[in-house]
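Chemist: Have a look at this one.
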Amino acid sequence: MRAQAKRIRHEEEEESAFVSMTDMTVGFLFIMMILLAFFASQTRETETVPMSRFESMVSERDEWRATAKAQEATITDLKDQLEKLKKERAALLLTIERKDEEISKKDQTISELEKEIERLQQRLKDLEIVDPLEAYLARVTQTRREMLTRLRDAIRADFPDLQIELSEESDALRFQGEGLFASNRSDLARDRRDIVARLAQRLNEVLPCFTIGQASQFDRTCNSGFVMIEAVQIEGHTDNVGTDRLNRTLSAARANNTFFAMTQAAQGVMEHLNLKSQPVLSVAAYGPDRPVAPNDTQEGRATNRRIDLRFIMVTPQDTDGIEVVREALESVVDQP
């Protein structure tokens, strides 16, 4: 009994000890739980935010994401535009390069044109410097035309029906058709002698200012260009009917008969001298060699049967020759 009671007492002691350990463990766990709860409460207080703030942040995040997406699209668009601009720039640079080449070519053309203009301007200046000889010869031609026109108009006034014209070269008076001679005749018709006489008188009025000699009446007012006559040639012409010998003899006879009629009507006409002190009035015969119309018609042949009164002028070869003519004409003024 005693042993059993001892054993029971021993078991109670062991149970008491066990209960004590359990209580301690429970207590420890409880403390740990309190600590964990404390730390958990502390953690939630630091990491937890109010719902309104959270929602605001989420909204801002979404807005930023939308903005970022929009910016990304903008960046993509800008990249596309940049690429396009780069291509356009390259094209413009190529165009500019081509334009530069064109401009360079045009500049070269302009430079060549400017040189050509400069050359032409210089040429114009050179042309403006009048050659004294050319200017004198031009005055000679003009003066001869004026003398022949004056003589033609005077004869026309005296004989309105007479066929008298200025030659194409304005160097001769042309008595055409049946004006002075009948066909195959060398003698002047009686009613035509008055024409030749009047021609000699009119010629005697023109020659003094352009010749030297005792009959000369040179004056600057009538001959400001210092022009001089070399010869006034009475030329006989025929048509082509008949033999060459006959036509040449006939043309010479017509020229000579006209010459004698003129010198008889105006005896002083032979006193007009040229630079060589020779009478300016002379004769020439050409037969059919110088027709002025076709010989295959009656009218043409009549036109070729004619007398030409040709003025041959002194034409110096240089300026020294011009001075010789001037001195010869001025010497007339000093003669007694």
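Quick note: the coordinates plus some simple rules give every number you see, no bench work behind them. Predicted model only: the values in this text are computed from it and were never measured. All Cβ positions, even for glycine, are placed from backbone atoms using ideal geometry, and neighbour counts span all protein chains on display.
Chemist: Taking just the alpha carbons, could you work out the radius of gyration and Dmax for region 67-123, both in angstroms?
Modeler: 23.8, 79
Chemist: Taking the simple approach of a point 7 Å from Cα along Cα-to-Cβ for both GLU60 and GLN121, what is their distance in nm?
Modeler: Placing both labels 7 Å along Cα→Cβ, they lie 8.0 nm apart.
Chemist: Got a sec to turn the phi values of region 207-223 into Karplus ³J(HN,Hα) couplings, 6.51 cos²θ - 1.76 cosθ + 1.60 with θ = phi - 60°, whole Hz, x for Gly and Pro?
Modeler: Running phi through 6.51 cos²θ - 1.76 cosθ + 1.60 with θ = phi - 60° gives 5, x, 7, 10, 9, 10, x, 5, 8, 5, 9, 4, 7, 5, 5, 9, 8 Hz.
Chemist: Just to be sure I understand the model, the point goes 7 Å from the Cα along the line to the Cβ. What's the resulting ALA189 to ASP318 distance in nm?
Modeler: The answer from the label model is 5.3 nm.
Chemist: Using modelled backbone amide H atoms (1.01 Å from N, in-plane), which distant-in-sequence or interchain residues come within less than 5 Å of PHE226's amide H?
Modeler: Result for PHE226 returns nothing.
Chemist: Across region 162-168, in residue order, what do the Karplus-derived ³J(HN,Hα) couplings come to in whole Hz, using 6.51 cos²θ - 1.76 cosθ + 1.60 with θ = phi - 60° and x for Gly and Pro?
Modeler: Residue by residue, region 162-168 yields 6, 7, 9, 9, 7, 5, 4 Hz.
Chemist: Then there is this: Rounded to two decimals, what ratio of Rg to Rh does region 171-258 give with C-alpha atoms and a Kirkwood Rh? Don't jump to the answer; show the numbers that get you there.
Modeler: Working: Rg = 16.3 Å, Rh = 15.1 Å.
Result: Rg/Rh = 1.08.
Chemist: Around VAL283, which amide H atoms from residues at least 5 apart in sequence, or from another chain, sit under 5 Å from its own amide H, with H modelled in the peptide plane?
Modeler: When sequence neighbours closer than 5 places are left aside, the close amide H contacts are ILE234.
Chemist: So how many Å³ per residue does the convex hull of the Cα atoms of region 220-326 work out to? Spell out each step's value before the answer.
Modeler: On the way: hull volume 15.0 nm³, N = 107.
Hull volume over Cα atoms, normalised by residue count, gives 140 Å³.
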